[in-house]
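Undergrad: Shown below is the structure under consideration.
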Amino acid sequence: MSKKINQSGTYYWYALPGVAAFLTLVGGSFAYNIYLSFNNWQGIGKPEWIGLKNYQDLIHDHTFWISFLHAFEFIFAMSIAPTFLGLLVAALIYDFIATYFGNAISTFLRISLYVPQIIALPVVGILWSWMLSPNVGVINTILRKIGLSSLALNWLGQSSTAMLSLSVMMIWIQIGYTVVIFVSGLARLDPYLDEAAQLDGATWFQRFRIITIPQLYPELSVVLLTTTVAALKVFGPVYVMTGGGPGDATQVPAFFSYFHFFSTLRVGYGAAVATVLALILTVLAIGLLRLQRRVGATR
Amino acid sequence: MSVKTKKGVGPYLVLGGLIGMALIWLFPLYIAFINAFKPQTEFVKYGVLALPHHWDISKFGKFWGDVDFTKKLANSLQISLLVAIIAVTLSFLTAYAIGIGRVKGRTWILGFFMVAFTIPQEALIYPLYSMAKTLNLYDSIWSIIIIFGVMSTGFGTYLLSSVLTTFPDELLEAARIDGASPWRILRSIVLPLLRPTLFVLATMFFIFTWNEFLIPLVMLPSNNNQTVTLSMAITTGQYTSDPTARAAAALIGFMPSVIFFLIFQRTLMRGITLGAVK
């Protein structure tokens, strides 16, 4: 017994490098970022302590609110829509394609949908801004070909359609992730319940809704959590495609803080935006995890 | 899953719908592909949808040379590979203490790593930037290697800890009774059994790091130190006058990712689902 206690002590040494490095780099940086958010600083010289001034300014900054509004819109495009569409597609692939047409087609479908996931987001952004370009872009070319010239808009160049265009791209990107997770989730389910319901004459959609979805709650909560966090962190596509514009039409918190850090050099202000974003993300993640526990417990 | 009944028309409708969807999903890649090989004159004449009559590969060479893509590839490879090694090592050691050593306070350590997962890079970037400048690591790929090597341990520790808490107790007990030290247990029992999982994790870190954007954007201003992803994002803007050159650039940019994916497809899929179920 004494030996075991002794050993348990030595195990701490194994955690030391990872914990120390993480604490310094991530913990330390985050703490310093919070400190900076109470300061007025241009990045050189001594930071000047101004208390809550940055946060007070944020409350009156229209762009700040707009950026968070857009982040929440991205939750729809990157999390909610891909989750439900992905769930449906995964169930269709699993129940119909794999059953009737074999694994080769089902693999082809999964890989095709997954391809956007493997490409770096900024590169995806380049591809899409190229496709969306008003004169020579493929999307407008097709629209003109099928007689919808009036719909051939400057998608990223005008405020009314810029968010919509980014959102469509996000759905294109995200589906692959949700489909892959849900297909593997479906594979772990016991077919017994589903078969019993089928013999009782339940339609596919009834079985999907009442039997399949509740059994996939663990996957659902993981997918919702990770994609929601990703949605609030969006930076790369906005940076390469719109720069937050036109105007503030696609401004998001991540880009907004970057902009203040490195363009206006209002470092403290940028740090305040980043801190608010971090807080919202943490609260949201804890909330979703709790919800997951509660759903898991009542089941 | 379903009881196999006679096919009827339903499954064919589903098949048609899903294949249509898959083709729409592949369409952007197809269109980038055909335009990357299309001479600009043909693009002007026949537009973006036409297949090239004459397959032109000169744009790849030009873009490759213009951005010194060989250098970018070497940078990205070096960064991603070292990050994968550092992050897997650190994650494994920490997870070993948590999952096998069951050290006191392990829930707190794990909780800390998990909260850190939600912190956006924006909330770290300025302090990291200042730190790198002070330490003379600014504009060096080592800044990126250290930062991602450490940052990735959050996810890695979380994942490996949950794998290791399910590690068979009998094996460990037997070894302890035989008087094996923690180091010996790590080397002779845990590591060999965990090797496939560590490989999955390393592959994921490699690809995540390859795709990183914000931190390299801030840390690596000079052309010579940039990564593939970063150079793609900031140089292709120069190619707005020639749409086919842009397509070629995009194609070169995502080729490495596609190649990795084809090589590591199974490993990666295992990793993604491993992360989800744990």
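Undergrad: Which order do A:S106, A:S79 fall in if you start with the one that has the fewest other Cβ atoms within 10 Å?
TA: Numbers: A:S106 19, A:S79 23.
Ascending number of Cβ neighbours within 10 Å: A:S106, A:S79.
Undergrad: Percent relative contact order of the stretch A:177-299, based on C-alpha pairs within less than 8 angstrom and at least six residues apart? Show your work: numbers first, answer last.
TA: Values: 81 pairs, mean separation 25.2, N = 123.
Taking the mean separation of contacting Cα pairs over the length of the stretch A:177-299, I get 20 percent.
Undergrad: Tell me the label-point distance for the pair B:L172, B:S241, using the 7 Å Cα-to-Cβ offset, in nm and rounded to one decimal.
TA: 6.6 nm
Undergrad: So which DSSP H runs in chain A come out at 18 Å plus along the axis (Cα) with average Kyte-Doolittle of at least -1.0? Please list the in-between numbers first.
TA: On the way: long enough: A:2-22 (31 Å, -0.17); A:62-75 (20 Å, 0.96); A:103-118 (22 Å, 0.82); A:159-188 (45 Å, 1.40); A:217-232 (22 Å, 1.38); A:267-298 (46 Å, 1.42).
Long hydrophobic helices here: A:2-22, A:62-75, A:103-118, A:159-188, A:217-232, A:267-298.
Undergrad: Sticking with this structure for a sec: Could you list the square roots of 5 times each eigenvalue of the Cα gyration tensor of chain B, that is, the equivalent ellipsoid semi-axes, sorted largest first and rounded to whole Å?
TA: 42, 29, 15
Undergrad: A further question on this structure: Take A:R293 and A:L88, extend 7 Å from each Cα along the Cα→Cβ direction, and tell me the distance between the two endpoints in nm.
TA: Using points 7 Å along Cα→Cβ, the separation is 3.4 nm.
Undergrad: Determine the gain in length on full extension of the stretch A:E48-A:N135; use 0.36 nm per residue of separation and subtract their C-alpha separation, reporting nm with one decimal. Show your work: numbers first, answer last.
TA: On the way: separation 87, 0.36 × 87 = 31.32 nm, distance 4.95 nm.
So the chain would gain 26.4 nm between A:E48 and A:N135.
Undergrad: Give me B:R176, A:R290 sorted ascending by neighbouring Cβ count inside 10 Å, so fewest comes first. Mind showing how you got there, number by number?
TA: Values: B:R176 15, A:R290 10.
Lowest to highest Cβ neighbour count: A:R290, B:R176.
Undergrad: Got the relative contact order for the stretch A:47-298 handy, in percent, Cα pairs under 8 Å and 6 or more residues apart?
TA: After rounding, I find 29 percent.
Undergrad: Rounded to the nearest 500 deg cm²/dmol, what is the calculated helix-only ellipticity per residue at 222 nm for chain B, with -39500 (n - 2.57) per DSSP H run of length n ≥ 4? Intermediate values should be presented prior to the final figure.
TA: On the way: 14 runs with 202 residues, N = 278.
For chain B, the value works out to -23500 deg cm²/dmol.
Undergrad: Here's a follow-up. Specify the angular offset, from 0 to 90 degrees and rounded to the nearest 10, of the alpha carbon long axis of helix B:69-95 from the longest principal axis of the alpha carbons in chain B.
TA: For B:69-95 against chain B, the angle is about 20 degrees.
Undergrad: Just to be sure I understand the model, the point goes 7 Å from the Cα along the line to the Cβ. What's the resulting A:N40 to A:T63 distance in nm?
TA: Between A:N40 and A:T63, the label points sit 1.8 nm apart.
Undergrad: If R₀ is 30 angstrom, what is the calculated FRET efficiency for the pair A:R188 and A:L164, using the beta carbon separation as r and rounding to 0.05?
TA: Values: r = 37 Å, r/R0 = 1.23.
Efficiency for this residue pair is about 0.25.
Undergrad: Please list, by residue number, everything in the stretch B:191-220 whose backbone N is under 12 Å from a paramagnetic label point 7 Å out along Cα→Cβ of B:L262.
TA: No residue passes the distance filter.
Undergrad: OK, next. Quote the charge dipole size of chain A about the Cα centre in Debye, to the nearest 20; the model charges only the Cβ of Lys and Arg (+1) and of Asp and Glu (-1). List each step's numbers first, then the result.
TA: Values: 16 positive and 11 negative charges, 104 e Å.
My answer is approximately 500 debye.
Undergrad: Excluding B:Q121 itself, calculate the net charge of residues whose Cβ lies under 12 Å from the Cβ of B:Q121, where each Lys or Arg counts +1 and each Asp or Glu counts -1.
TA: Around B:Q121, the charge tally is -1.
Undergrad: Ok, one more. Mind checking A:259-269 for the average number of partner chain beta-carbons within 10 Å of each residue's beta-carbon? Write out the running numbers ahead of the final one.
TA: Working: counts 0, 1, 5, 5, 0, 0, 0, 0, 3, 1, 0.
Taking the mean over all residues of the peptide, I get 1.
Undergrad: Remind me, relative contact order of the stretch B:67-277 in percent, using alpha carbon pairs under 8 angstrom and six or more residues apart? It would help to have the intermediate numbers written out before the result.
TA: Details: 182 pairs, mean separation 73.0, N = 211.
Rounded, it is 35 percent for the stretch B:67-277.
Undergrad: Same structure, new question: Using the Kirkwood radius over Cα pairs, work out the Stokes-Einstein diffusion coefficient for chain A at 37 °C and 0.692 mPa s, in µm²/s as a whole number. Could you put the intermediate results ahead of the total?
TA: Values: Rh = 22.6 Å.
Result for D is 145 µm²/s.
Rule-based calculations on the coordinates, nothing more; no lab input. Fair warning: this is a prediction, and the values are worked out from it, not measured in the lab. When we count neighbours, we look across all protein chains shown, and the Cβ atoms used for this are built from the backbone with ideal geometry, even at glycine.
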